[in-house]
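Report on the following structure.
The values are calculated or read from the model by the stated rules, or taken from the named source; none is laboratory data. If you're wondering where the values come from, they're calculated on a predicted model, not measured in any experiment. Note: ideal-geometry Cβ built from the backbone for every residue, glycine included; neighbour counts use all protein chains shown. Just the protein is used for accessible areas: all its heavy atoms, side chains included, with ligands, DNA and RNA removed. Shrake-Rupley method; radii C 1.70, N 1.55, O 1.52, S 1.80 Å.
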Number of protein chains: 4
Amino acid sequence: MIIVMKSGADPEEIERAKSTMIELGYEPHPIEGVLRTVIGAIGDERGKPEDVEALSILPGVEKVIPILPAHKLASREFKKEDTEVNVQGVIVGGKKIPVIAGPCSVESEEQLMEVAHAIKKAGASMLRGGAYKPRSSPYTFQGMGVEGLKLLAQAREETGLPIVTEILDVKHLDAVVEYADVLQIGARNSQNYALLKEVGKSKMPVLLKRGMSTTIKEFLMCSEYILAEGNEDVMLCERGIRTFETATRNTFDLNAIPVLRERTHLPIVADPSHGTGYWQYVTPMALASIAAGADAVIVEVHNNPEVAVSDGGQSLKPKKFVDMMERCAAVAKAVGREL
Amino acid sequence: MIIVMKSGADPEEIERAKSTMIELGYEPHPIEGVLRTVIGAIGDERGKPEDVEALSILPGVEKVIPILPAHKLASREFKKEDTEVNVQGVIVGGKKIPVIAGPCSVESEEQLMEVAHAIKKAGASMLRGGAYKPRSSPYTFQGMGVEGLKLLAQAREETGLPIVTEILDVKHLDAVVEYADVLQIGARNSQNYALLKEVGKSKMPVLLKRGMSTTIKEFLMCSEYILAEGNEDVMLCERGIRTFETATRNTFDLNAIPVLRERTHLPIVADPSHGTGYWQYVTPMALASIAAGADAVIVEVHNNPEVAVSDGGQSLKPKKFVDMMERCAAVAKAVGREL
Amino acid sequence: MIIVMKSGADPEEIERAKSTMIELGYEPHPIEGVLRTVIGAIGDERGKPEDVEALSILPGVEKVIPILPAHKLASREFKKEDTEVNVQGVIVGGKKIPVIAGPCSVESEEQLMEVAHAIKKAGASMLRGGAYKPRSSPYTFQGMGVEGLKLLAQAREETGLPIVTEILDVKHLDAVVEYADVLQIGARNSQNYALLKEVGKSKMPVLLKRGMSTTIKEFLMCSEYILAEGNEDVMLCERGIRTFETATRNTFDLNAIPVLRERTHLPIVADPSHGTGYWQYVTPMALASIAAGADAVIVEVHNNPEVAVSDGGQSLKPKKFVDMMERCAAVAKAVGREL
Amino acid sequence: MIIVMKSGADPEEIERAKSTMIELGYEPHPIEGVLRTVIGAIGDERGKPEDVEALSILPGVEKVIPILPAHKLASREFKKEDTEVNVQGVIVGGKKIPVIAGPCSVESEEQLMEVAHAIKKAGASMLRGGAYKPRSSPYTFQGMGVEGLKLLAQAREETGLPIVTEILDVKHLDAVVEYADVLQIGARNSQNYALLKEVGKSKMPVLLKRGMSTTIKEFLMCSEYILAEGNEDVMLCERGIRTFETATRNTFDLNAIPVLRERTHLPIVADPSHGTGYWQYVTPMALASIAAGADAVIVEVHNNPEVAVSDGGQSLKPKKFVDMMERCAAVAKAVGREL
């Protein structure tokens, strides 16, 4: 930590800052500048948030600057080599780029089986589908619940594809853990710390989506909640942030891919369906995700988007999905990977 | 709803759009324009999200525009007169502007009683304090839990001030309901629909904070989740949104006050402490909140912010709080209200 | 400046960083921490942008943190007491809060004189009106040009109100300087440095609007361009920033008022008309601006907003303006000032 | 246009809205809904901004919804086939993807020639370099001016690469036109309409950068200013928007590429250097740009970024640039194009 004193801070104030630092376990190291004094704090460069806060409001202190980011277990400094998450034999974080596909919501047996077989045939590696849905309106379809989970398990049996499904509420944890292979934490729950902790305790692979207004720094702290419970199987999923631009539903922030690659060892998943919100932008942005370095891609596929009960407009039809897979394979190869 | 066809949409596509509208329960009313056909849908002008979605992806349809916002129970159209929420005799939404004050976190009996008596003496109407804390890092203080709730109840007994405290997790609901007078839903949980529904069922007064990236439209839909469970005692709290500006911790969006006033009958609370993130901006922005029309103000007060375990830098000391109260009283009077 | 070395930076890299600092005129002051070395740079704590850049890309350097903001002449450190700008006898930055009012665009003699007399009667201190208009579409009205400037001068003669008008283009400078009392730089030109320099040379009072995506730090640097040319008569105008919220045309950032008050001696003007974009929010936000500490308020008034050629929807009618003035006077008094 | 009346609008108000529409040249077509009346306006579906404004503030009108976007000449509806801009034989908008490279600022003969030869050898198609620089601080290097332009011309002579350089100020137009092959409009000037018009009159190819807070819709309107002057050679350049995320200097919005492709016939250029702000993210995002469909890529290359007078931290060294070119060629091939 670096403590910047106000210009004109008096010696007493500087002494108080130094003694507070010592109390908090740091070794103060003052530098007298031309206009002001700056005090380096030797100790944990990370700077515990409460220490930063405590020092920053002392009289005569202008600001406190932590030197290191606050996340530990997720950091490259903690672990240099890339983490590979193994989902029933499907590796996320290796040379091969798995594609996760399926409908936004599980709606019926017929719908799910049709989509599951279609994506399997096109080369997808996992099946996604929501049994519990976070909907902005209380008056719309809220998911099939346990019935949906059972259909997902049936689809896995028929196709062999592992299942990714969202967990919305701690009280559904037992049911979801029973049927799913990957627990998805949605964007609206990315800072629901109660849920993150429970999911950490479950020891199941987790697909953690970035919140709509979550910085990359905070996103890593969200993963830290899961890692700190001893669960190392965390996949970070970029799915778009909220900005002033309305031509896309969110602003799919592909820059997060190289930034995360630099800062963390965890695998990175890209979700161009939620990222853009419109099916016609999904394929170009899936290609771009792979070119930028994504370890996996997750997209929505629906056999009949016109009658989908949620997010129909961002779903690809199976035929378009086949086309996307072919084009993704070509780009993957161009960047030294494979689909 | 208005359905805008693509220029060049063929008659078959227009027919399909019309027949789909009829299936969904709307009466189509086409207008042939110079460049394209537009179809008005008579029925529920609100436009159910799934209907909008279903129509918008039909072949030949360019876009679908709902005419009315999706919230109902929270709207001025549903209820013209302002709602007054009664918290143990303190009215929020009337001529008098209650001030809610207290520490971010309950830390100890001594701290809480000292602050509670100080704010009571300065004229506050309710006591706030967190027993469960949503913290961005898993390595920092997470709240005193039930012990904190008991201290809050003790403070209420000593001062007569009703208690506002945050509910983070459905599993704490029984405990929080037992001790609190107002359930606060924090910004990070504003779209945690599972929690909103439970809180709705509780029938307790709710202080619902706006999420960091929640639009006013979505904020009203969040309140709809609570109202739809039959709980009418919802207070909407503006507490800052996330923007590119970093001089303040959030961008406290005071514009939300007149906008909400126009659109909803629910009372509006302003939180300049979280809104700005720095104690020195709290008083000017509290004054501005009242001038803009807020029905209540909630601020953080700590007897010793330097050692606060959370958010110390945005807390007022009791002496500054006294000053704020006096100045707020003057502005309240200038706009025809009273503190 | 503080130079943070990477963990694992070798001694040669640390030496190179130190010698580069010396070349750039700083005295290096290394602190060896537990995980990494940090080097304090004694010299200009402000840290010239090019020095920060040059040091930050040296091998082994993780980042460079400037200690002081880059603006000088605009800073409170440079000048402690508030600046008062004198516009033909109207003081901006004193106890009295002048209100600047008028139409968005000058449209005709009849329109301008009617509005000018109405606002004069209601107590306004200056007349605003655009002769050159920045319009997002090339197909809409672009302003009356010199004819508009002449009408403004005529209105000044009839009412005694000084004139505030926008300068869009360096080539109009002579004409605008001839007729105007205050040169307004609009939000879209707030980083048009060529124009800022010319306006600085003019020595006329300048009303500098914040850009839609300009941080407060950058806004102060924009004013620095004018101040650096020797022109000290700069008024900073908050007029809304661009965020994800669309219920208002911009997000009028009132927090900027106390933040600017702390950081600069320049007077602060609030523009609730552009800030919110809707006439019905103008009065509450004008009241809030004064409560937050604004030194002046600028609003749009039009005698006939329905036929206004620009921004009609955010203009007050003269009658509403009279009401706003009365209410503003009450709030001004409540915060120890006067209209 | 669709005019939505308030619920409870009286017949007189509806009549007034209809008669105003007729005056403005539209044919009104009312639809009486369950809760309110909606009036379709047959005529120019685009809805002139002043007509929208005029109608939206009539008594009883809730809002006015234009059906078509306001840009015309830039739209796909106006011109279906892709525009190819020919810059001295280099085609932007065809199958081949030209790469434009060079230093942020022209600093010296030695620097420019070294970089120019290096990028030429690596396969770049045009040379970029700034002679006039928009700098956020008035105290930093502002560019070499005409001397810089002359060096650019010399580099063109030596390498055969056409020159792209920024025009900041109308008064430099003659000089820039004399030496440059492409006029670049920077992000800060993207809504400097005076400059856009002049550049439109010049009939030179224009590289128009998106502003930091410019929506895609507005970006197209900016291009319309140039097109409306009869200059059809406009290239649209995505270079990052301002959001809450600070891990990258801007949020490089790759989604803009497929969105622009759908809406306009103009060629699309991607700038990952400004888009991300850090050299280590430039190559992955250049690859992603090509995968997303960019027609050209512009990047900063500097022989010695440590001593660059501007933007050194986002510049690639020539060796890294060679690597980027090879990898870009592979991705271009994978998406059916070539470098």
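Sorted from shortest to longest, the distances between the C:D82 label points of this copy and the other copies are 3.1, 5.9, 5.9 nm, with each point 7 Å from Cα along the line through the beta carbon.
Counting from the shortest, the label point at A:E262, 7 Å from Cα toward Cβ, is 3.0, 3.1, 4.3 nm from the same position in each remaining copy. Both radii were evaluated on the Cα set of region C:196-339; the Rg over Rh quotient, with Rh as the Kirkwood radius, amounts to 0.98.
Per-residue shielding of D:24-31, expressed as the average number of other chain Cβ atoms within 10 Å of the residue Cβ, stands at 3.
Residue pairs exceeding 27 angstrom between C-alpha atoms, taken from B:K95/B:K120; B:K79/B:K150; B:K320/C:K80; A:K6/A:K72: B:K79/B:K150; A:K6/A:K72.
Accessible surface computed residue by residue for chain D, with neighbouring protein chains in place and a 1.4 Å probe, gives 33 Å² per residue. For the residue pairs A:K18/C:K63; B:K171/B:K201; A:K171/B:K203, the alpha carbons lie more than 23 Å apart in A:K18/C:K63. For peptide B:192-202, the mean count of partner chain Cβ atoms within 10 Å of a residue's Cβ comes to 4.
Taken about its Cα centre, region C:28-147 carries a charge dipole of about 360 debye when Lys and Arg each add +1 at the Cβ and Asp and Glu each add -1 at the Cβ. Across A:P267, A:P98, A:P66, mean-square fluctuation computed from a Gaussian network of chain A (C-alpha pairs under 10 Å connected) peaks at A:P66.
Less than 5 angstrom separates the built amide H of B:K63 from those of B:V4, all sequence-distant by 5 or more or on a different chain.
Once the partner protein chains are put back, region D:134-164 shows a loss of at least 50 square angstrom of accessible area, versus the chain by itself, at D:S136, D:P138, D:Y139 (probe 1.4 Å, ligands and nucleic acids excluded).
Taken about its Cα centre, chain D carries a charge dipole of about 860 debye when Lys and Arg each add +1 at the Cβ and Asp and Glu each add -1 at the Cβ. Annotation: the antiparallel percentage among DSSP beta bridges lying fully within the protein assembly as shown is about 40. Shown in residue order for region A:230-240 are the 3J(HN,Hα) couplings computed by the Karplus curve 6.51 cos²θ - 1.76 cosθ + 1.60 at θ = phi - 60°: x, 9, 9, 8, 10, 10, 9, 10, 7, 9, x Hz (x for Gly and Pro).
Buried area at the A:D interface is about 2700 square angstrom, summed over both chains, from accessible surfaces computed with a 1.4 angstrom probe. Distances between copies at B:E158, taken between label points 7 Å from Cα along the C-beta direction, are 6.5, 6.8, 7.9 nm in increasing order.
Axis-proximal residue of chain B for the rotation onto chain A, reported as residue and distance in whole Å: B:S213, 2, based on Cβ position. Karplus-derived 3J(HN,Hα) values for region C:154-165, using 6.51 cos²θ - 1.76 cosθ + 1.60 with θ = phi - 60°, are 5, 5, 4, 4, 6, 10, x, 7, x, 10, 10, 8 Hz; glycine and proline are entered as x. Across region D:1-156, the convex hull enclosing all Cα atoms gives 213 Å³ per residue. Computed over region C:74-125, relative contact order equals 29 percent, with contacts defined as Cα pairs under 8 Å that lie 6+ residues apart. For the set C:K95, B:K96, solvent exposure ranked by accessible area (probe 1.4 Å, protein chains only) runs largest to smallest as C:K95, B:K96. The residues of region C:315-339 listed by number as losing at least 50 Å² of accessible area in the complex, against the isolated chain and with a 1.4 Å probe, are C:A334.
Could you please tell me the mean projected area of the C-alpha convex hull for region A:192-237, averaged over all directions and given in square nanometres to one decimal? That works out to 2.7 nm².
Charging the Cβ of each Asp and Glu at -1 and of each Lys and Arg at +1, and nothing else, the dipole of the protein assembly as shown about its Cα centre rounds to 0 debye.
Residues whose amide H falls under 5 Å from that of A:N304, counting only those 5 or more places apart or on a different chain, are absent, with hydrogens built in the peptide plane. Ranking C:P134, C:V234, C:Q314 by how far each Cα lies toward the positive end of the dipole of chain C (charges on Cβ) leaves C:Q314 at the top.
Interface residues of region D:218-237, defined as a loss of at least 40 Å² in heavy-atom accessible area between the chain alone and the complex of all protein chains with a 1.4 Å probe, are D:M221, D:Y225.
A dipole drawn for region A:1-146 from +1 and -1 charges on Cβ atoms has a positive end, and of A:I14, A:Y26, A:Q88 the residue lying farthest that way is A:Q88.
Phi angles of region B:125-135 translate, via the Karplus equation with coefficients 6.51, -1.76, 1.60 and θ = phi - 60°, into HN-Hα couplings of 10, 8, 10, 10, x, x, 9, 10, 10, x, 10 Hz per residue; Gly and Pro are given as x.
Per-atom-type breakdown for chain D gives carbon and sulfur 49% of the accessible area (1.4 Å probe, protein chains only).
The average projected area of the protein assembly as shown, computed from the convex hull of its Cα atoms over all directions, is 44.7 nm². Working note: Cα atoms of region A:104-170, range along each principal axis, descending, whole Å: 36, 23, 18. Legend: residues C:F244, B:F78, sorted from most to least accessible area (1.4 Å probe; ligands, DNA and RNA excluded), read B:F78, C:F244. Restricting the chymotrypsin sites (Phe, Trp or Tyr not before Pro) of region A:90-157 to loop positions (DSSP other than H, G, I, E, B) with no more than 11 neighbouring Cβ atoms within 10 Å leaves nothing.
Summary of the geometry: region A:216-275 and region A:131-165, compared by the centres of their Cα atoms, lie 23 Å apart. Please go through region B:144-194 and write out the trypsin sites (Lys or Arg not before Pro) that DSSP classes as loop and that have at most 11 other C-beta atoms within 10 Å. Qualifying residues, ordered by number: none. Helix-only mean residue ellipticity at 222 nm, chain A, DSSP H runs n ≥ 4 weighted -39,500 (n - 2.57), per residue, nearest 500. What is it? Calculated from helices alone, the mean residue ellipticity at 222 nm is -11000 deg cm²/dmol. Counting, for every residue in A:3-13, the Cβ atoms of other protein chains within 10 Å of its Cβ and taking the mean gives 1. Strictly greater than 39 Å: what percent of every Cα pair in chain B meets that? Tail of P(r) above 39 Å: 24 percent of Cα pairs.
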